[in-house]
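*Asks:* First, the structure itself, so that you have it in front of you.
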Amino acid sequence: MSDMQVVREAATLRLRVEEKLREAIASGRFRPGTRLIERELCTLLGVGRTSVREALRQLEAEGLIVTVPHRGPTVASITVEEARQLYEVRAALEGFAGRGCAEHATPEQVTRLARAVDAVEVAARKGRGLVESKTAFYDALLEACGNGVVRQLLRVIHNRVTLLRATSMAQAGRLPESLAELRAIQQRIAARDPAGAEAACVKHIRNAARVALEVLAKGSPASEAATPPRKRR
């Protein structure tokens with residue numbers, strides 16, 4: 001069975017398809033410019049066209065997919081300027097979220113955040129599940145920040161940054177730095193240090209931005225068209 005296969009649960013099937021496609025984009029499996037062909041996705045995911053179409057519409061609303069004339073749904077690309085703007089806003093909002101966590105997180109939420117960082121470190125050692133574990137870390141951070149509006153805005157931005165996350169983490173030397181930065185965020189929140197948590201969040205995003213923008217500016221493969229998903233034989 002393909003690792004893209006979706007467990008059939010009627011009430012959550014569309015959401016599961018969305019998650020699988022979002023993960024595939026975040027991990028670089030479907031890179032910017034990749035054409036997403038419905039019948040191939042149906043085979044890959046093991047679901048019907050209705051579920052795939054609904055998921056594609058949602059991802060298009062999030063800006064992860066664009067509909068290109070004569071090509072259909074295609075994984076979106078991000079320009080250098082758009083990426084710069086996204087990271088600027090993300091740094092400001094995530095810094096605010098880090099401060100809020102340090103001020104408002106419950107002991108249970110602080111523990112969840114620490115376990116999320118542990119999971120990221122385990123994924124890094126194993127060489128798999130890194131995107132998913134980092135997503136879980138951000139989910140824990142946003143859940144504990146105490147501000148629903150910031151949480152909602154950051155989720156939208158995170159969805160767009162998904163197109164760049166695999167690119168920045170893949171650069172030589174970035175992963176150890178990123179792990180240290182996440183641990184610093186968690187420690188400042190656990191220490192109930194609002195200013196320190198905010199500064200740690202801002203530092204993490206600015207460093208990620210620096211790497212991603214350098215790659216985009218050089219015309220990295222991450223910003224070019226990729227091979228469409230193949231049919232399973």
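The values are calculated or read from the model by the stated rules, or taken from the named source; none is laboratory data. Quick caveat: nothing in here was measured; it's all calculated off a predicted structure. We place every Cβ from the backbone using ideal geometry, glycine too, and count neighbours over all the protein chains shown.
*Asks:* State all residues of the stretch 114-156 that are at pLDDT below 90 and among the aliphatic types (A, V, I, L, M); if no residue qualifies, say none.
*Replies:* Correct list: L130, V131, V156.
*Asks:* With respect to T43, is the statement that it is of a type outside the set (A, V, I, L, M) and assigned to a helix (DSSP H, G or I) true? So that I can check it myself, show each step before the final result.
*Replies:* Working: of a type outside the set (A, V, I, L, M): yes; assigned to a helix (DSSP H, G or I): yes.
The answer is yes for T43.
*Asks:* Could you tell me whether I37 is in contact (Cβ under 8 Å) with a residue 60 or more places away in the chain, crowded, with 16+ Cβ neighbours inside 10 Å and on the phi < 0 side of the Ramachandran plot?
*Replies:* Numbers: in contact (Cβ under 8 Å) with a residue 60 or more places away in the chain: yes; crowded, with 16+ Cβ neighbours inside 10 Å: yes; on the phi < 0 side of the Ramachandran plot: yes.
Considered against the rule, which asks whether it is in contact (Cβ under 8 Å) with a residue 60 or more places away in the chain, crowded, with 16+ Cβ neighbours inside 10 Å and on the phi < 0 side of the Ramachandran plot, I37 comes out as yes.
*Asks:* To continue, here is another question. Pairs, please: C-beta under 7 Å, at least 6 apart or cross-chain, first residue free of Cβ contacts under 8 Å to residues at least 60 places away in the same chain and in the stretch 20-32, second surrounded by 24 or more Cβ atoms within 10 Å (Cβ to Cβ)?
*Replies:* Pairs found: L21/A55; A24/F30.
*Asks:* Follow-up question, since we're still on this one. If you scan the stretch 23-34, which residues turn out to be crowded, with 21+ Cβ neighbours inside 10 Å and touching a helix residue (DSSP H, G or I) at 6+ places or on another chain (Cβ under 7 Å)?
*Replies:* Correct list: I25, A26, F30, R31, P32.
*Asks:* In the stretch 108-142, what residues are of a type in the set (V, I, T) and out of contact with any Cys (no Cβ under 9 Å at 6 or more places or on another chain)?
*Replies:* Hits for the stretch 108-142 are T111, V117, V120, V122, V131, T135.
*Asks:* Does L182 count as within 18 Å of the chain's Cα centre (by Cα), of a type outside the set (G, A, S), surrounded by 21 or more Cβ atoms within 10 Å (Cβ to Cβ) and modelled with pLDDT of 85 or more?
*Replies:* yes
*Asks:* For residues that are farther than 28 Å from A209 by Cβ, outside any strand (DSSP E or B) and out of contact with any Cys (no Cβ under 6 Å at 6 or more places or on another chain), tally how many sit in the stretch 50-73.
*Replies:* Residues that pass the stated criteria total 10.
Residues checked against (1) surrounded by fewer than 18 Cβ atoms within 10 Å (Cβ to Cβ); (2) over 29 Å from H204 (Cα atoms); (3) more than 16 Å from the chain's Cα centre (by Cα); (4) not hydroxyl-bearing (S, T, Y):
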{"position": "L41", "(1), (2), (3), (4)": "no, yes, yes, yes"}
{"position": "L44", "(1), (2), (3), (4)": "no, yes, yes, yes"}
{"position": "T50", "(1), (2), (3), (4)": "yes, yes, yes, no"}
{"position": "E54", "(1), (2), (3), (4)": "yes, yes, yes, yes"}
{"position": "G63", "(1), (2), (3), (4)": "yes, no, no, yes"}
{"position": "R71", "(1), (2), (3), (4)": "yes, yes, yes, yes"}
{"position": "V80", "(1), (2), (3), (4)": "yes, no, yes, yes"}
{"position": "Q85", "(1), (2), (3), (4)": "yes, no, yes, yes"}
{"position": "V89", "(1), (2), (3), (4)": "yes, no, no, yes"}
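*Asks:* Could I ask something else about it? Can you pull out every residue in the stretch 121-158 that is surrounded by fewer than 18 Cβ atoms within 10 Å (Cβ to Cβ), among the polar types (S, T, N, Q) and in contact (Cβ under 8 Å) with a residue 60 or more places away in the chain?
*Replies:* Correct list: empty.
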